[in-house]
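Here is the structure we will look at.
Only the coordinates and a few stated rules stand behind these numbers; no lab work does. Model, not experiment: these values are computed from the prediction. Backbone-built Cβ (ideal geometry, glycine too); neighbour counts: all protein chains shown.
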Amino acid sequence: MIFSLLTHNPMNNKERMELAKWASDFALKSGASEAAVAISRSRSVQVEVREQRIETIRESTENNLSLQIYRDNKYSSHSTNNLQKRQLERFISEAVEATAYLSPDEDRSLPDPSLYPDDLSIDLGLVDPRHGEVSPESRIQRAMETEQLVREAGEGVEVLSATARFNDSTSESVRLHSNGFMGEQASTYFGTSASLSIMDKGARPAGFSSAGGRFLDTLPPAAEIAKEAIESTLMQRGQTPVASGRYNMIIDNRVGSNLLFRLFQPLNARNIQQRNSFLAGMIDQPIGSEKLTVIDDPFIKGGLASRLFDSEGIAARKRAIVENGVLRTYLIDNYYGRKLGMTPNSASTSNIIMAYGNRNQEQIIAAQDKAILVNSFIGGNANATTGDFSLGIAGQLIEKGKVVQAVFEMNISGNMKELWHQLIETGNDPYQYSSVYSPTMVFRDVDFSGL
Amino acid sequence: MLMKKSFNRRDFLRTGGIAVAGAYVLPSMLSGCMRGPKASSPLGYQLSDYLNHFGVSRRTIMDVIAEGLSKGGDYCDLYFQHSLNNSVALEDNSVNRAYSNVSFGLGIRVLDGEQTGYSYTEDLSPASMKSAARTAANIADSGARVKVMPLSERTFQNFYPISTPWEEVSINSKIPLLQAINEKTFSLDPRIIKTTVSFSDSTSYVLFANSEGVIACDYQPMGSLGTSCVAEQNGRTEQNGYNISARDDIELFSDFNLNRIAREAVESTVLLFDAVMPRAGQMPVVLAAGSSGILLHEAIGHGMEADFNRRGESIFSDKIGKKVAESFVTIVDDGTVPNMRGSINMDDEGNQTQKTHMVVDGILTSYLHDRISSRHYGVDPTGNGRRESFRHMPLPRMRNTYMLNGPHEKQEIIESVKYGILAETFTGGQVKIGPGDFTFYIKQGYLIEEGKITNPIKDVNIIGNGPKVLEDIVMVANDLEMSEGGWTCGKAGQGVPASMGQPTVKVSSITVGGRNV
């Protein structure tokens, strides 16, 4: 079985940059004061296998041109997947025309050129040169092998369904601003995952594992993905809620990003400017315990969120967001930075690393008298305005250093202003297959609701 | 009388959807088409218009399908889509941003039994379409086995009649609506310090054809308008909002509805200053009529989508024909509610939409099917095969999911609760579809103490298991309301518009997030 590649003479980044330059010039000619143009192409293949048969194969190639128009301090943004110049002419002139109807806003303009990166030659190692060698057969083979291993979940285990997936993608993009910025990016990605559903006395617990990376060679072997999917399923057997109460909470390193991202939303400059953040006014103030250090590092070689500039062309810089519990910066884009009188430093985060502790998860568990290990979140929310949160969880009850019971159908609730002060330990085990290198984290006395 | 005019694809494309540009820009699809009440073709569009606009002939379509079947697949379908999305927003008293997106392409699916090959192309030249078809064809690996049937048009009733297409609505006529809501929110309560208002509309032109000889088209409009407010009191801030969304035209945003959006947003925001957190643990939960239908969506709807059942993963997979709830519980998934956000004329597999009864008098009666699952179970399709866009393959998905009225009164339900909560508005929910564990998040509600509504509550997550919660529905009132909010249901990386509804319902016990006292 051979899969053709849909490569109808795709543009390369040099040609994309020429088209971006043309589009930007055309926007200016049509009446825009400034313009930003980004053009991208991504191609992906995904294979899913179930019962040793291919369930789905999906191939896709996606083009996009996005255009930001500034016309006398009026702003609009547009995108299309039609990159034919003839159609773009109409698209751009109408976009410029439309912008005239909006209200002027003196803070609307492209970033100051001083914010753009000086050196675009740094190689972040985001492209696997061997990507083109990945054959259709090897994708299927990988998924088949993983599925077979997941299906063999163990003696006495009634498997309802096992599935394995393999996917890979490449993407290329350029960005050009009429006030001087020109940048390009290219990356590859490989991902593998497995899921398992079993019968457990009338219940049907389902587990999952996944890993992703820029390089094929960095993916864990099929056996490891399968083993994790099986473990994550079997550990749910006999699960039940336990009594409501305050427990120490251990967060598995694979799901730590769920909590961390809820810290970033209230740091976004828009939420600060819109009075929509419980962290407004907290720069250089403690917002968590001394164990909480959060670093945004865009320069990790091969990192899943590594970059030299962000979606506004603003230069990427390594920055401490929280240092030993003290908030060091908001996440500031160009527009809201101007509104707040603050220097833009990017509203989005890149790779997140933390200050790591000395013990692994096993040692941390062994040291707990009574705790709940959370290894999955389900639903819930955290209110960026007030910090109130309530999240569904499933995991394991720990007593005297040992797992004694699978738990589920429980919520954790409280306020983020307090929660991060309750962080008492981070592990030495940053999760490797995500842009958030979260370690295992331990919080004391968290409100759990159950029975 | 219907007037038609043929347009070539270049005209169609070059008007690429900048409705934001103002009244003088009319997409070619509209110029020359008299609007009229023709059931199967909203606004008077004919199948031939769609063929012209996508620049394809019946012959080309059949050739592409044949290419899709060339490796031995037993079924192939083509899904052409042109979608135009516009939005405009107000912040800090100024309408100072607008966005638009145009998307155009063809998705090609080939089935070999329950196996799927999927590919898409953004280039509708015959060569590109055939190349994409060959890619999807590779799910099978023999020679052609199935013949392409001659195409015959399938028509449908129109469940979203509108008078004015969104492409005719100038940004000029949207701006005053945003300003009116903004002014109203500030006038209603001095504690409001920030208001944002956003307006979005979308139009999707769909042309569908398959190897069984079905060809059909649909015009899918959507309009949404909502506001979010921040209020301040004694140094504390709270935020909440309200929005309405429907497959409707600009008439939806009448003065009455603008005032209602502003009032609902302001009242639900300032109420939060008095809100408390309930006790943690299991307790009776009363779900107010309307958007509480999120319970049905998460606790039962997803578990009834037949893909998870045919694979044996769903907790509902052995429950058809069995009693799952009290006899006064009847739950439907309905694509036929006029102008409702989750309604569809045809599903994205060319099947007629319908009102599907999932639970009748407490008995589980039908799953929600796509083509693969209806073939698996040997039943008729239920019109639930939906996809986000031409870039996605169809899956069984909900439309408008709601519970029918029951025998109780709202007041008697409240009075029956000693300590529990009344849930009114929600930010969202989630479910592990196989195991049936679900959650939804209460943005605002009330405590019920000794049969009386007392303090407001906020920011509380509810967690339970689908079949268990169905069993625990002990009272259902007779006040069914549909949610008018802009819900989008996500599954397998695809978002589709959906809606829901419910009368006031009492669940005897669910785990409620809260404080341990």
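Tabulated data
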read-out: Cleavage-rule hits (GluC sites (Glu not before Pro)) in the range A:63-120: DSSP loop, at most 14 neighbouring Cβ within 10 angstrom; value: A:E106
read-out: Helical segments meeting 24 Å axial Cα length and Kyte-Doolittle -1.0 threshold in chain B (DSSP H); value: B:171-188
read-out: Estimated 222 nm signal from helices in chain A, with DSSP H stretches of n ≥ 4 weighted -39500 (n - 2.57), rounded to 500; value: -6000 deg cm²/dmol
read-out: The range A:264-341: relative contact order in percent, alpha carbon pairs under 8 Å with at least 6 residues between; value: 38
read-out: Rg/Rh for chain B, where both radii come from Cα atoms and Rh is the Kirkwood radius; value: 1.00
read-out: Under-5 Å amide H pairs with B:Y419, H placed in peptide plane, nonlocal only; value: B:E450
read-out: Label-point separation, A:I122 to B:S187 (7 Å along Cα→Cβ), nm; value: 5.4
read-out: Magnitude of the charge dipole, the protein assembly as shown, Cβ model with Lys/Arg +1 and Asp/Glu -1, debye to 20; value: 900
read-out: Relative contact order (%) - the range A:1-132, alpha-carbon pairs under 8 angstrom, separation at least six; value: 21
read-out: Contact order normalised by residue count of chain A, Cα under 8 Å, 6+ apart, percent; value: 15
read-out: Fewest-first sequence of A:V436, A:V127, B:V110 by Cβ atoms within 10 Å of each Cβ; value: A:V127, A:V436, B:V110
read-out: Cross-link pairs beyond the 30 Å C-alpha cut-off, checked among A:K291/B:K432; B:K319/B:K506; A:K227/A:K301; A:K291/A:K339; value: A:K291/B:K432; A:K291/A:K339
read-out: Evaluated at q = 0.09 Å⁻¹: base-10 log I(q)/I(0), Debye formula over Cα of chain A; value: -0.72
read-out: Added length on full extension, which subtracts the Cα-Cα distance from 0.36 nm per residue, B:S327 to B:S163; value: 54.9 nm
read-out: Distant-in-sequence amide H partners of B:H408 (H built 1.01 Å from N, under 5 Å); value: B:V476, B:A477, B:N478
read-out: Test item: Cα-centred dipole of chain B, Lys/Arg +1 and Asp/Glu -1 on Cβ, debye; value: 1040
read-out: For A:N381, net neighbour charge (Lys/Arg +1, Asp/Glu -1) across residues whose Cβ lies under 12 Å away; value: +1
read-out: Distance between modelled label sites at A:K402 and B:E409, nm, 7 Å Cα→Cβ extension; value: 5.8
read-out: Listed residue (B:V110, B:N478, A:F261) projecting farthest to the positive dipole end of the protein assembly as shown, Cβ model; value: B:V110
read-out: Positive-pole candidate from A:L340, A:S306, A:G288, dipole of chain A, charges at beta carbon; value: A:L340
read-out: Lys/Arg +1, Asp/Glu -1 at C-beta; the protein assembly as shown dipole; positive extreme among B:N93, A:S93, B:I175; value: A:S93
read-out: Sequence of B:M149, B:M346 once ranked by neighbouring C-beta atoms within 10 Å, starting from the fewest; value: B:M149, B:M346
read-out: Neighbour-count ranking [beta-carbon atoms within 10 angstrom, fewest first] of A:H131, B:H302, B:H392; value: A:H131, B:H392, B:H302
read-out: Semi-axis lengths (Å, descending) of the ellipsoid that matches the C-alpha gyration tensor of the protein assembly as shown; value: 39, 34, 32
read-out: Estimated dipole of the range A:277-349 in Debye, rounded to 20 [Cβ of Lys and Arg +1, of Asp and Glu -1, Cα centre]; value: 140
read-out: Shielding by partners - mean other protein chain Cβ count within 10 Å, residues of B:131-142; value: 4
read-out: Amide proton proximity set for B:I453, modelled H, under 5 Å, gap of 5+; value: none
